[in-house]
Amino acid sequence: MQLASRVREIFADGPPVLEKAMFGGLAFLVAGKIAVAASAQGGLLVRVGAARAEEIVRTTAARPMQMGERIMRGWVHVDAEHVSSRQQLAEWIDVGIDSATSA
């Protein structure tokens, strides 16, 4: 999975991370909590926290994270086209790390 490799590369310069197969993709855990997950269907799942989710959906290309019929509060999905550059991906990973470490 190319996105997972790119995420792994960015985490190499960051906090300790644990990788775990989840959500049909690969999740990256920081401080024991999922920060982001590279989706097998494409795109990135990002922990944003319930308090920030609505604003992030309103002001970015992210959309609410949906699993089946259920909206996952505090999570967003960012399509692959919006994490195509290293900078875009790193910015979303930083959001996920901040949210995971403050959860």
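When we screen 76, 57, 46 for residues that are surrounded by 17 or more Cβ atoms within 10 Å (Cβ to Cβ) and either free of Cβ contacts under 8 Å to residues at least 40 places away in the same chain or part of a helix (DSSP H, G or I) (or both), the only hit is 76. Taken as a whole, the condition of being among the hydrophobic types (A, V, I, L, M, F, W, C) and over 10 Å from the mean Cα position of the chain (by Cα) applies to residue 12.
Flag: residue 100 does not match the condition of being crowded, with 20+ Cβ neighbours inside 10 Å and in contact with a Leu (Cβ under 7 Å, 6 or more places away or on another chain). What do you reckon, is residue 7 surrounded by 12 or more Cβ atoms within 10 Å (Cβ to Cβ), closer than 14 Å to residue 78 by Cα and modelled with pLDDT of 95 or more? Here the answer is yes, as residue 7 does meet what is asked. Of the residues making up the stretch 60-73, those that are more than 15 Å from residue 96 (Cα to Cα) and free of Cβ contacts under 8 Å to residues at least 24 places away in the same chain are 61, 66, 68, 69, 70, 71.
Among the residues of the stretch 17-34, are any at pLDDT 95 or above, within 11 Å of the chain's Cα centre (by Cα) and more than 18 Å from residue 3 (Cα to Cα)? Within the stretch 17-34 (the criterion being at pLDDT 95 or above, within 11 Å of the chain's Cα centre (by Cα) and more than 18 Å from residue 3 (Cα to Cα)), the answer is no, since none of the residues qualifies.
Yes/no per residue for (1) without any contact (Cβ under 8 Å) to a residue 24 or more places away in the chain; (2) of a type in the set (Ser, Thr, Tyr); (3) more than 14 Å from residue 100 (Cβ to Cβ):
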position	(1), (2), (3)
4	no, no, yes
15	no, no, no
20	yes, no, no
23	no, no, yes
37	yes, no, no
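Residue-wise test of (1) touching a Leu at 6+ places or on another chain (Cβ under 6 Å); (2) in a strand (DSSP E or B); (3) farther than 18 Å from residue 84 by Cα.
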| position | (1), (2), (3) |
| --- | --- |
| 3 | no, no, no |
| 7 | no, no, no |
| 13 | no, no, yes |
| 16 | no, no, yes |
| 21 | no, yes, yes |
| 27 | no, yes, yes |
| 35 | no, yes, yes |
| 38 | yes, yes, no |
| 42 | no, no, no |
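The values are calculated or read from the model by the stated rules, or taken from the named source; none is laboratory data. Everything quoted here is computed from the prediction, not taken from an experiment. Cβ: placed from backbone, ideal geometry, glycine included. Neighbour counts: every protein chain shown.
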